[in-house]
1. Using 10 Å bins from zero, what percent of all Cα-Cα pairs in the chain falls into each bin?
2. What number, in percent, do you get for the relative contact order of the stretch 109-157 if the mean sequence gap of Cα pairs under 8 Å and at least 6 apart is divided by its residue count?
3. What does the charge add up to near Pro11, with Lys and Arg as +1, Asp and Glu as -1, over the other residues with Cβ less than 11 Å from its Cβ?
4. Given the options Gly24, Ile163, Phe173, identify the residue whose Cα lies farthest towards the positive end of the charge dipole of the chain (+1 on Cβ of Lys, Arg; -1 on Cβ of Asp, Glu).
5. If you build a Gaussian network model of the chain, linking Cα atoms that sit under 10 Å apart, which residue out of Ser63, Ser165, Ser142 swings the most?
6. Ignoring ligands, DNA and RNA, what percent of the accessible area of the chain is carbon or sulfur (1.4 Å)?
7. For Cα pairs less than 8 Å apart in space and 6+ apart in sequence, what is the mean separation divided by the residue count of the chain, i.e. the relative contact order in percent?
8. I'd like the antiparallel share, as a percent to the nearest 5, of DSSP beta bridges with both residues in the stretch 51-192.
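The values are calculated or read from the model by the stated rules, or taken from the named source; none is laboratory data. Quick caveat: nothing in here was measured; it's all calculated off a predicted structure. Positions of Cβ are backbone-derived with ideal geometry, glycine not excepted, and every protein chain shown enters the neighbour counts. To get the accessible areas, we keep the full protein, side chains included, count just its heavy atoms, and leave off ligands, DNA and RNA. Shrake-Rupley method; radii C 1.70, N 1.55, O 1.52, S 1.80 Å.
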Amino acid sequence: MNVISTNIAQPTKFIWNGEEITTGIYKKPTDVPIYLGKKDVRGDEISDRKVHGGEFKACYLFSANQYPYWQGLYPNLDWTYGMLGENLTVENLDEKQLFIGDVYKLGNALVQITQPREPCFKFAHKFGTEAVLQQFIDQGYSGTYIRVLEEGHVKTGDHFKLITSAKDSVSIFDFFELLYAENKNPNHINLLLNNDALPQRTRKRLKFYLR
């Protein structure tokens, strides 16, 4: 896996159900390295820190390999990297091979795989239709958030070096599928409940499904 685009956003406003909303989903490629901090990417807009940013969602990654699929569905949009709201566009990122808790060296930073992205109304607004939310779920390749264990700069061309493989974990792909599955896989849930790469509130939510 290697970084082919670093992306950040300035605050963008739009009207949703009569209310003015500010979002950081409109990310654009930069021509300089970006700095991964413990709770966010320096200089990047995070408008709602209840669902973005913070220790377990400090930076969002999406696979460049999935761009042709989305461009095929929405050919009339203005396509640049960052279109899916990611800070890092990564070539050959495969959610089936990324396990929650895996630790990678990336640029000057040390990062940990945490959780998939769940699409929201801001994502729908950017694509111009709420249909994109179900399309994103059905397609299954969600990208991943990361935790920044050691802060540092990341630039285009940087490669991921696996430092530690998580034991008894679940892939980002399987976790994303679990979130929306009608019948939840109890084995996956039990593995996730003991994974400290997930915040307590997420594990509490998963524990509810075992009732």
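1. Final binned percentages: 9, 36, 37, 17, 1.
2. 59
3. -1
4. Of Gly24, Ile163, Phe173, it is Ile163.
5. Sorting by GNM fluctuation, first place goes to Ser165.
6. Exposed carbon and sulfur together represent 47 percent of the surface.
7. Working: 467 pairs, mean separation 52.5, N = 211.
Answer for the chain is 25 percent.
8. 85
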